[in-house]
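The block underneath contains the structure these notes are about, expressed in structure tokens.
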Amino acid sequence: MKRLKKILRSTSGEGYIDTVVMVMVAMLVIALAVNVLPVFIIKSELSTFVNEISRVAEIEGEIGSVTSAKENELRIILGINPTVDWSRAGKIQLNETFVVTATKEVDIGFFEFGSFPITLTSKATGRSEVYHK
């Protein structure tokens, strides 16, 4: 029993191995975070993108040149180039709804271990605030 206690209390060299293992695990966690966190940022920018162009369509009461100009402006400001789909086009009468969907494919590859493309989608629903005669 005394011998077992002595072996368990002995730390000759084992602390170094524990430290190396912990540093390697920490490095892998940081590397994973560096590859995955940008996906969350892009998802947030995509949501901002659709909310902004949806609001423009609500205020203007139509989907056309003004919303296209806002899309192009946001593509430059946010630095993303999503595919945008509208549920309708042209003038939208007061209180009629529309849906705008933006999709973007993002690669979350982990160094040389592989490439994992995922498709991010954001959707916004709006209601026209303009009465067209």
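Select, from 91, 104, the only residue that is within 30 Å of residue 27 (Cβ to Cβ), touching a residue at least 24 places away in the same chain (Cβ under 8 Å) and surrounded by 14 or more Cβ atoms within 10 Å (Cβ to Cβ).
104
Among the listed residues 71, 60, 45, 52, identify the single one that is over 15 Å from residue 101 (Cα atoms) and surrounded by 13 or more Cβ atoms within 10 Å (Cβ to Cβ).
Selected residue: 60, the only one of 71, 60, 45, 52 that is over 15 Å from residue 101 (Cα atoms) and surrounded by 13 or more Cβ atoms within 10 Å (Cβ to Cβ).
Given the criterion at pLDDT below 90, over 20 Å from residue 123 (Cβ atoms) and surrounded by 10 or more Cβ atoms within 10 Å (Cβ to Cβ), identify the matching residue among 32, 4, 8.
Selected residue: 32, the only one of 32, 4, 8 that is at pLDDT below 90, over 20 Å from residue 123 (Cβ atoms) and surrounded by 10 or more Cβ atoms within 10 Å (Cβ to Cβ).
Can you confirm whether segment 90-109 contains a residue that is closer than 16 Å to residue 52 by Cβ, in a loop (DSSP other than H, G, I, E, B) and among the acidic types (Asp, Glu)?
Scanning segment 90-109 turns up no residue that is closer than 16 Å to residue 52 by Cβ, in a loop (DSSP other than H, G, I, E, B) and among the acidic types (Asp, Glu).
Residue by residue through segment 98-120, note down the ones that are more than 16 Å from the chain's Cα centre (by Cα) and modelled with pLDDT of 95 or more.
Residues satisfying the conditions are 98, 99, 100.
Going through segment 23-63 one residue at a time, which ones are in a helix (DSSP H, G or I) and among the acidic types (Asp, Glu)?
Passing the criteria: 45, 52, 58, 60.
Of the numbered conditions (1) of a type in the set (A, V, I, L, M, F, W, C); (2) modelled with pLDDT under 95; (3) outside any helix (DSSP H, G or I); (4) under 30 Å from residue 31 (Cα atoms), residue 130 fails exactly one; give the number of that condition.
Only one criterion is unmet by residue 130, namely (4).
The values are calculated or read from the model by the stated rules, or taken from the named source; none is laboratory data. Being a predicted model, the structure only gives us computed values, none of them experimental. So basically every Cβ, Gly included, is an ideal-geometry build from the backbone, and we count neighbours across all protein chains shown.
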